[in-house]
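First the structure, in the form of structure tokens, and then the observations on it.
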Amino acid sequence: MHPNPIFRKTADARALDLIRARAFGQLTVHANGQLHAAHVPVLLSPDAETLDIHLVRSNPIARALTTPQDALLCINGPDGYVSPDWYGVADQVPTWNYIAVQLRGTLEQLDHKKMREMLDRQSAHFEDQLPKTPWTTDKMTPDVLDRMMRQIVPCRMTITDLQSTFKLSQNKPDDVRLRAADGMETSGIGTDTATLAALMRNPPE
């Protein structure tokens, strides 16, 4: 996370909102003398104490879960390049604005009997947001579903620490930050720069 505390004042509730909305991140585990990473969909529990994750059985992280493992999960929001010219003041340098959340905790494999219920909850989280009748596992041929579910394993991460960075030019005077937001919205290089520009205009607290 960014060392400047001005970018780390955002309430944990806003970070949790990002986790629920984005629901996808990079999971990293150090096991068997190596670092392993996987890009995974995640589902935050209502009490924000755990994350449900499923992994392909052949994934090295899944193979390492014969015992619980320390884990790091990174979830990214919008990001974008900031040109010094946008500030309208002298002696500025380029930078990158972004939102990111890091979660640390203990990852463990669950009983495989929980796989169907977890898959149903995870798919419902996304399907309910789409303008159509939700897909459900009931649409699958049972034998085909069972065969596919044998290839994935249910996991749960118990969260022990949450840190977030909302780097939105809060270290600049308001007029300077707002000019940079205009540049981000019209000429941004990055991901979802229009959303980032809106957040730069009204940084969350």
Item checked: Count of residues meeting criterion [part of a helix (DSSP H, G or I) and either crowded, with 16+ Cβ neighbours inside 10 Å or within 23 Å of the chain's Cα centre (by Cα) (or both)] in the range 179-200 -> 14
Item checked: Flag if Val176 is over 30 Å from Gln69 (Cβ atoms), open to solvent by 30 Å² or more (accessible area, probe 1.4 Å) and part of a helix (DSSP H, G or I) -> no
Margin query: Pull out all pairs, ordered by first then second residue, where Cβ-Cβ is under 8 Å, the residues are six or more apart or on different chains, the first lies in the range 37-65 and is within 16 Å of Gly25 (Cα to Cα), and the second is assigned to a loop (DSSP other than H, G, I, E, B).
Written below: Ala38/Asn59; Pro41/Ala23; Val42/Ala23; Leu43/Ala23; Leu44/Ala23; Leu51/Ser45; Asp52/Ser45; Val56/Gln151
Check: Taking Thr133 and the conditions (1) surrounded by 15 or more Cβ atoms within 10 Å (Cβ to Cβ); (2) of a type in the set (S, T, N, Q); (3) at pLDDT 95 or above, which numbered condition does it fall short on, given that it satisfies the others?
Finding: (1)
Check: When residues of the range 140-154 are filtered for being within 19 Å of Gln109 (Cβ to Cβ), outside any helix (DSSP H, G or I) and open to solvent by 50 Å² or more (accessible area, probe 1.4 Å), how many remain?
Finding: 2
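What number of residues within the range 43-76 are outside any loop (DSSP other than H, G, I, E, B) and either among the small types (Gly, Ala, Ser) or open to solvent by 70 Å² or more (accessible area, probe 1.4 Å) (or both)?
First, the residues of the range 43-76 that are outside any loop (DSSP other than H, G, I, E, B): 43-44, 50-56, 60-64, 69-76.
From what is left, the residues that are either among the small types (Gly, Ala, Ser) or open to solvent by 70 Å² or more (accessible area, probe 1.4 Å) (or both) are 56, 62-64, 70-71, 76.
Qualifying residue count for the region: 7.
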Checklist line | Pick from the range 163-173, criterion crowded, with 16+ Cβ neighbours inside 10 Å and in contact with a strand residue (DSSP E or B) (Cβ under 7 Å, 6 or more places away or on another chain), ranking: farthest from Ala64 (Cα to Cα) | finding: Ser169
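Could we say that Arg20 is under 16 Å from the mean Cα position of the chain (by Cα), basic (Lys, Arg) and within 13 Å of Leu103 (Cβ to Cβ) here?
Judged against the criteria, Arg20 is a match.
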Margin query: For the condition without any contact (Cβ under 8 Å) to a residue 40 or more places away in the chain, polar (S, T, N, Q) and in contact with a helix residue (DSSP H, G or I) (Cβ under 9 Å, 6 or more places away or on another chain), what is the one hit in Thr165, Thr193, Thr133, Thr141?
Written below: Thr133
Next item on the list: Look through Ala100, Ala124, Ala90 and report the one residue that is in contact with a strand residue (DSSP E or B) (Cβ under 8 Å, 6 or more places away or on another chain), open to solvent by less than 80 Å² (accessible area, probe 1.4 Å) and either closer than 30 Å to Asp182 by Cα or assigned to a helix (DSSP H, G or I) (or both).
Entry: Ala100
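The values are calculated or read from the model by the stated rules, or taken from the named source; none is laboratory data. Computed from a prediction, not measured in an experiment: that's the story for all the values here. FYI the Cβ positions are ideal-geometry reconstructions off the backbone, even for glycines, and counts take in every protein chain you see. All accessible areas refer to the heavy atoms of the entire protein, side chains included, with ligands and DNA or RNA removed. Shrake-Rupley method; radii C 1.70, N 1.55, O 1.52, S 1.80 Å.
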